[in-house]
Amino acid sequence: MKSSLYLTIQEQLRRFVSGELTLDAFRDWFTPATWDIDRTGADDARELSYEIEHRLAECANGNWDEQELRLLLRPFAERRSEAASA
């Protein structure tokens, strides 16, 4: 079963991928929400946040634009949680 932090991150990511949140708004939420993620004990949330953080950094470096970033993050937003599929 996925942790509540994982599900919260995934929900905010869905909002970004769908265009409901801008990149700036997503970052404004994501950065403080995952700041001490290593201390939470939620390994699933930590792994998801690292995947997102990596892609955000590459976008900031100019590797792709915001629309490309949304496409790259879409698979993480669309993964069904074990709770949702049960």
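The number of residues in segment 30-46 that are over 14 Å from residue 73 (Cβ atoms) and in a helix (DSSP H, G or I) comes to 10.
Remark: residue 39 falls outside the filter, which requires a residue to be charged (D, E, K, R), at pLDDT 95 or above and out of contact with any Phe, Trp or Tyr (no Cβ under 8 Å at 6 or more places or on another chain). Just to be sure, is residue 27 closer than 21 Å to residue 4 by Cα, among the charged types (D, E, K, R), surrounded by fewer than 12 Cβ atoms within 10 Å (Cβ to Cβ) and out of contact with any strand residue (DSSP E or B) (no Cβ under 8 Å at 6 or more places or on another chain)? So residue 27 fails the test.
The values are calculated or read from the model by the stated rules, or taken from the named source; none is laboratory data. Small disclaimer: the values here were computed from a predicted structure and weren't measured. No Cβ is skipped: glycine too gets one built from the backbone with ideal geometry, and neighbour counts run over all protein chains shown.
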